[in-house]
Amino acid sequence: MTAPLARRILAEFLGTALLVTTVVGSGIMATNLSGDVGLQLLANSTATVFGLTVLILIFGPVSGAHFNPVVTLADYVLSRRTGGGTDPRSVAAYIPAQIAGGIGGTVLANLMFNLSAITASTHTRSSGHLWLGETVATAGLVLLIFSLVRTGRSSTVIAPAVGAYIGAAYWFTSSTSFANPAVTIARAFTNTFAGIAPGSVAAFVAFQVVGAAIGVVLVAALYPVAKHADAESPAQAEQVPAAAT
């Protein structure tokens, strides 16, 4: 049974907030403990893997644990034919909740480490190879989530699978796999390890959308029919799909 919209909005807000808190907070802690960039990234990615997996398990049964505007949009596009999935009203509610939650998560992380609540990042991430990394990371994320959904496996493996993918993508993509517009926007509000300069945000988001579109096309080509029509979307398959950093 689908939870009431207000409850799903709260789940998306809290889940995205705690995801960003995990990403930003672990980045700050990593830089406090080590000056080695490799160890910092290892600590940051490890915390994100575990945190994201747990958050999907907590909030998945309520909202589907999207935590990510491109996942919400992909769910809507891929489920239109069957009439299931995330409806336009939910899309319009989820995305602002995800963005607001992400910013709130950044503020929380900053405050926990005795920093100013909001500081504009100076970490410029603006070059073609990084945009390509975001395209690949986001396409892979969408393909993973909806291949599991369309083959009826999402309720059992999607939380660890998404956590594992994001952990790997931290290391195999040049951009360290943001793959999430809400998280990208939120990370502009912290001048720490996980930050992104405000001027770099728009291009990252644009290429995340491109990557999501590629992922949707691949899902449609590889899995044109869902194994269980009533479980075609993350919002229906025991409400357990996913997010990203």
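Modelled label positions at Trp171 and Ala92, each set 7 Å beyond Cα in the direction of Cβ, lie 4.4 nm from each other. Please work out the C-alpha center-to-center distance from the stretch 100-148 to the stretch 33-54 and express it in whole Å. Here the answer is 14 Å between Cα centres. For Thr151, the residues whose amide H sits under 5 Å from its own are Lys227, ignoring neighbours fewer than 5 places away on the same chain, with H placed 1.01 Å from N.
Taking the Cα centre of the stretch 61-190 as origin and assigning +1 to Lys and Arg Cβ atoms and -1 to Asp and Glu Cβ atoms, the resulting dipole is close to 200 debye. Per-residue 3J(HN,Hα) values for the stretch 54-70, derived from phi via the Karplus relation 6.51 cos²θ - 1.76 cosθ + 1.60 with θ = phi - 60°, read 5, 5, 5, 5, 6, 9, x, x, 8, 10, x, 6, 5, 6, 7, x, 6 Hz in sequence order (x marks Gly and Pro). Please give the residues of the stretch 143-178, grouped as numeric ranges, whose backbone N is less than 14 Å from a label point set 7 Å along the Cα-to-Cβ vector of Leu42. The answer is 171, whose backbone nitrogens lie closer than 14 Å to the label point. The slack between Leu108 and Val54, meaning 0.36 nm per residue of separation minus the straight C-alpha distance, is 17.6 nm. Each of Leu218 and Ser34 was given a label point 7 Å from its Cα along the Cα-to-Cβ line. The distance between the two points is 2.9 nm. Across the options Leu78, Gly27, Ile58, the greatest Cα extent toward the positive end of the charge dipole of the stretch 1-104 (unit charges at beta carbon of Lys, Arg, Asp, Glu) belongs to Leu78. Packing order of peptides 129-135, 22-28, 105-111, highest average first: 22-28, 105-111, 129-135 (average count of other Cβ atoms within 10 Å over each peptide's residues).
Ordering Leu33, Leu10, Leu148 by accessible surface, largest first, gives Leu33, Leu10, Leu148; the 1.4 Å probe counts only protein heavy atoms, with every chain in place.
Cα axis of helix 154-172 to longest principal axis of the chain: angle in degrees, 0 to 90, nearest 10? Its long axis makes an angle of about 40 degrees.
Report the Cα centroid-to-centroid distance between the stretch 1-19 and the stretch 150-188 in angstrom, as an integer. If we compute the Cα centre of each part, the gap is 18 Å. Extension gain for Thr151-Arg81 works out to 23.5 nm (0.36 nm per residue, less the C-alpha to C-alpha distance).
Spin-label model, Val210/Ala197: points 7 Å from Cα along the beta carbon direction are separated by 2.0 nm. For the chain, the longest principal axis of the alpha carbon atoms and the long axis of helix 128-150 meet at an angle near 40°. For the stretch 95-215, the Kirkwood hydrodynamic radius comes to 14.9 Å, computed from all pairs of different C-alpha atoms.
The values are calculated or read from the model by the stated rules, or taken from the named source; none is laboratory data. Treat the numbers as computed from the prediction; the structure is a model and nothing was measured. Ideal geometry is used to build each Cβ from the backbone, glycine not excepted, and the neighbour counts take in all protein chains shown. What goes into the accessible areas is simple: the full protein's heavy atoms, side chains included, and nothing from ligands, DNA or RNA. Shrake-Rupley method; radii C 1.70, N 1.55, O 1.52, S 1.80 Å.
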